[in-house]
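Contents: one structure, followed by commentary.
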Amino acid sequence: MKLMDAHGRTISYLRLSVTDRCNLRCSYCMPEAGIAKSPHADILRFEELEQIAEIAVSLGIEKVRITGGEPLVRKGIVPFLGRISAIHGLNHLVLTTNGIRLAELAADLADAGVQRLNVSLDSLRPDTFRAITRGGELAAVLRGVDAAVAVGLPHPKLNMVVMKGVNDGEIVDFALLARERGCTVRFIEYMPAGRVEGWRERFLPGEEIYHRIASRFDLLPSGDGGTAGPAKGYRFCDAPGGIGIISAVSGHFCAGCNRIRVTARGIARSCLFADDALDLKPLLREGNRDDVAAALRRFVLTKPGHHRMTPGEAHHTPFTMAGIGG
Ligand code: SAM
Ligand code: SF4
């Protein structure tokens, strides 16, 4: 079965957030003080999150990414992942993490059936990393990445949010890291989720990121398709590894968008930068799966054809990325 939106796009990818809590406070994602603690009853129980994943897969979702907040801080995450990976018809179970708890959990994640990890890593300099994450320890993340490889997972994709004047001086260092490790580094345009003052000055377009790397190394399009999502992929002509550029703001990849999101509070979102949302919680708690499935199917039809954001203009209601899952 295929889940189609009103623009003829097949929706095959669910980003499922399991918490809005986090053990870091990245400046581009969360306010320094964190976000207000949600009442316990507002957060979906694991069984409810599982039901959403099962229903989504029955409708045609093939890939589920577990995200947050930081998914590895939620108690019970490993057995939950084991149950998600057992869902009949799910082809890809992947997870995005900041890597802080990865060294201790990598083996459990692999055993639970997680197939691949994305690890957020915005600087290779301990001080800059600490400043961006407001206290994070770079070495812990690097240990986590190595632990994932040691337990037999594919090398995590490393996600760097590029911010002018903060970490853009490290773009080439990250490309070098991709070559040394033979892994993929994805450079993500800084998105003005919270529309904080000065976001335009911090923004560096994907095109510029590409040129900075292409002026140092010969690149070829890698032809990644399928579930790779909005990243434009390139490989190095003379070395293993590759890069991805995610031009979430300046790019026009909406035509190929295949995703929906559900937050830890059970709110379905059809597009990060559209304000429409559907609260699945009451339907889930009434216990009628068919109603949840029908509501999700109808909701997918409301997915906008494209977002209206540009590098100079944002129209959405400000939000905290950790509350949605990136
Ligand atoms: N805590 C996990 C992590 O950091 O990987 C998962 C949740 S985080 C919200 C998911 C992704 O969203 C991360 O790769 C993060 O870098 C990205 N993200 C958060 N805020 C962003 C922003 N303002 N612009 C671009 N990417 C952002
Ligand atoms: Fe936490 Fe991830 Fe947001 Fe950083 S990007 S504050 S690690 S949820």
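Numbers at a glance
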| read-out | value |
| --- | --- |
| Tilt relative to the chain, helix 46-59 - C-alpha long axis, 0 to 90 degrees, to 10 | 90 degrees |
| 3J(HN,Hα) from dihedral phi, the range 278-292, Karplus parametrisation 6.51/-1.76/1.60, rounded to Hz, x for glycine, proline | 10, 7, 7, 4, x, 5, 4, 6, 6, x, 9, 4, 4, 5, 5 |
| Other-chain or far-sequence residues with amide H under 5 Å of residue 242's (modelled H) | 183, 184, 185 |
| Linear extension gain, residue 173 paired with residue 237, 0.36 nm per residue minus alpha-carbon span | 21.3 nm |
| Cα gyration tensor, the range 238-277 - rounded (a/c under 1.5), prolate or oblate | prolate |
| Distance (nanometres) between label positions extended 7 Å along Cα→Cβ at residue 289 and residue 78 | 2.8 nm |
| Tail weight of P(r) past 26 Å, computed on alpha-carbon pairs of the range 33-169, percent | 30 percent |
| In sequence order, calculated HN-Hα J values of the range 181-194 (Karplus, 6.51, -1.76, 1.60; Hz; x Gly/Pro) | 8, x, 10, 9, 10, 10, 9, 10, 4, 4, 9, x, 3, x |
| Inter-label distance for residue 250 and residue 319, nm, one decimal - labels placed 7 Å from Cα along Cα-to-Cβ | 2.4 nm |
| Whole-Hz ³J(HN,Hα) from phi, Karplus 6.51 cos²θ - 1.76 cosθ + 1.60, for the range 101-118, glycine and proline x | 9, 5, 4, 7, 10, 3, 5, 5, 5, 4, 4, 6, x, 5, 8, 7, 10, 10 |
| Dipole-positive endmost among 136, 110, 271 within the range 13-324 (Cβ charges, Cα centre) | 271 |
| Protection proxy ranking of 259-267, 84-92, 1-9 - average other beta-carbon atoms within 10 Å, highest first | 259-267, 84-92, 1-9 |
| Furthest towards positive pole of dipole, 176, 82, 120, structure part the chain, Cβ charges | 82 |
| Column: log10 I(q)/I(0), Debye, Cα scatterers of the chain, q = 0.15 Å⁻¹ | -1.36 |
| Distance in nm between pseudo-label sites at residue 196 and residue 130 (7 Å out along the Cβ direction from Cα) | 1.9 nm |
| Where only C-alpha atoms are counted, convex hull volume of the range 185-326 per residue in Å³ | 124 Å³ |
| Unpaired by the 4.7 Å Cβ criterion, cysteines found in the chain | 22, 183, 237, 254, 257, 271 |
| Proximal lysines to residue 303, defined as alpha-carbon separation beneath 16 angstrom and excluding residues fewer than eight positions away on the same chain | 2 |
| Relative compactness, the range 15-63, computed as alpha-carbon Rg over 2.2 N^0.38 Å | 1.46 |
| Mean Cβ count within 10 Å, highest first, over the residues of peptides 269-280, 58-69, 307-318 | 58-69, 269-280, 307-318 |
| With every protein chain in place, the chain: carbon and sulfur % of accessible area (1.4 Å) | 51 percent |
| Rounded tilt (10° steps) of 138-150 against the dominant C-alpha axis of the chain | 70 degrees |
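The values are calculated or read from the model by the stated rules, or taken from the named source; none is laboratory data. Predicted model only: the values in this text are computed from it and were never measured. Quick reminder, even Gly has a Cβ in these numbers, built from the backbone with ideal geometry, and neighbours come from all protein chains shown. Remember, those area values only see protein heavy atoms, side chains included, never the ligands or the DNA or RNA. Shrake-Rupley method; radii C 1.70, N 1.55, O 1.52, S 1.80 Å.
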